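**Q** Let me give you the structure first, and then I'll get to my questions.
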Amino acid sequence: ILFDGKLILCCDGTDKQFLAALDRRTGSVLWQQPRQHLERVSDNGFFKMAYSTPLVQEVDGVAQLVATSAEHVAAYDVQTGKELWWMPYEGFSLVGRPSFGNGMFYVVGSIKLDHHAVYAIRPGGKGKIAGEQLVWQMSDGIPHVPSPLLIGKELYVVHDKGVATCLDALTGEVVWKKRLGGNFRASPIQVRDRIYFCNQEGTTTVVQAGREFKVLATNQLAGRFLASPAVAFRTFFLRSETHLYRIEDDGGT
């Protein structure tokens, strides 16, 4: 992730686990911070890896870098790399990206191996989070690979096996849960008041954002899709195993 002239990398490999901030113009290392809190993990490096993209969010005047890892999520001071707070969980190979809203970080972790959960964390204080800082957690239907999508007071997830869920972002309660079909690796994206769910089989289901489940359209492309769609201006970019698709709004409604 790029922030304030820094290219920040999460390097959660099987051999070493650390974060690093590079000067985006020169590539020189500004700081490097080893991952901590991996004491419970065996010496097998396979159980120490993770893949999540970090998030930078200012909290009380300090830019916090929130990055999930094996066994825990932690927040770091962007300027120094110093760890600010952390929360433990069980598991590794975390993929979902954190999000922030309603005064909380929404983090994908796990409650045990291969059983993932969303944690709503209210930042503040130092060290291991405690008490009411963990506002809620939800482990039913939470995906491994697709990242959650936060829109206002709703959090949308789609399980790897094709079930989409809308959660109340303040409480974690299920608002609606519907099967879309197919298998998913791509994360849902928002454009205006619409959510686009693209499955591996090339079917994109367009759903109205909100507390009532409503399918607006279903579109099919040829090929197998693992990458999340990208949007620029009026254009969608979707990448299959063999093609890059560009789909552009013609200016109508």
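The values are calculated or read from the model by the stated rules, or taken from the named source; none is laboratory data. Remember, predicted model here, so these are calculated numbers, not experimental data. Cβ atoms come from the backbone with ideal geometry, glycine included; neighbour counts cover every protein chain shown. SASA here: full protein model, heavy atoms, side chains in, ligands and nucleic acids out. Shrake-Rupley method; radii C 1.70, N 1.55, O 1.52, S 1.80 Å.
**Q** Collect residues whose amide H, placed 1.01 Å from N in the peptide plane, falls under 5 Å from the amide H of PHE184; neighbours closer than 5 in sequence don't count.
**A** Amide H to amide H, under 5 Å and 5 or more residues apart or across chains, PHE184 pairs with LYS161, GLY162, GLN200.
**Q** Note down the net charge around VAL29, summing +1 for each Lys or Arg and -1 for each Asp or Glu among other residues with Cβ under 11 Å from its Cβ.
**A** 0
**Q** What FRET efficiency comes out for ARG224 versus GLU248 if R0 is 25 angstrom and r is the Cβ-Cβ distance? Round to the nearest 0.05. Walk me through the numbers before you get to the answer.
**A** Values: r = 23 Å, r/R0 = 0.91.
Computed FRET efficiency for ARG224 and GLU248 comes out at 0.65.
**Q** Near VAL62, within a Cβ-to-Cβ distance under 13 Å, what is the net charge of the other residues, with Lys and Arg +1 and Asp and Glu -1?
**A** Result for the neighbourhood of VAL62: -3.
**Q** What's the carbon and sulfur percent of the range 46-102's accessible surface, probe 1.4 angstrom, rounded to a whole number?
**A** Using a 1.4 Å probe with all protein chains present, the range 46-102 comes out at 49 percent carbon and sulfur.
**Q** Considering lysine pairs in the range 76-169 that are 8 or more places apart or on different chains, how many have Cα atoms under 26 Å apart?
**A** On the way: LYS82/LYS126; LYS82/LYS128; LYS112/LYS126; LYS112/LYS128; LYS112/LYS161; LYS153/LYS161.
The result is 6.
**Q** Whole number in Å², please: accessible area per residue of the chain, 1.4 Å probe, ligands, DNA and RNA not counted.
**A** In whole numbers, the chain has 50 Å² accessible per residue.
**Q** Additional query: Given 20 °C and 1.002 mPa s, compute D for the range 93-162 with the Stokes-Einstein relation, Rh being the Kirkwood radius over Cα pairs; round to the nearest whole µm²/s.
**A** 171 µm²/s
**Q** With label points built 7 Å along Cα→Cβ from the Cα atoms of ARG239 and GLU90, find their separation and express it in nm.
**A** Label-label distance for ARG239 and GLU90, simple model: 3.6 nm.
**Q** Moving on. How high is the relative contact order of the range 10-168, given as a whole-number percent (alpha carbon pairs under 8 Å, six or more residues apart)?
**A** On the way: 388 pairs, mean separation 22.7, N = 159.
Reported relative contact order: 14 percent.
**Q** Right, next: Could you work out, for the range 22-71, what percent of all Cα-Cα pairs fall into each 10 Å distance bin, beginning at 0 Å and stopping at the bin that holds the largest distance?
**A** 19, 37, 34, 9
**Q** List the aspartates and glutamates whose Cα lies under 18 Å from the Cα of LYS177, skipping any in the same chain that are fewer than 8 positions away.
**A** ASP140, GLU154, ASP160, ASP168, GLU212
**Q** Another question, if that's okay. Quick check: at a probe of 1.4 Å, how many percent of the accessible area of the range 104-204 sits on carbon and sulfur atoms?
**A** The nonpolar share, carbon plus sulfur, comes to 47 percent.
**Q** Related question: Extent of the chain along each principal axis, from alpha carbon coordinates, in Å, largest to smallest?
**A** For the chain, the Cα spread along each principal axis is 49, 43, 39 Å.
**Q** Continuing with the same structure: Applying a 10 Å radius around every beta-carbon, put 25-33, 60-68, 105-113, 9-17 in order of their mean neighbour count, most first.
**A** 105-113, 60-68, 9-17, 25-33
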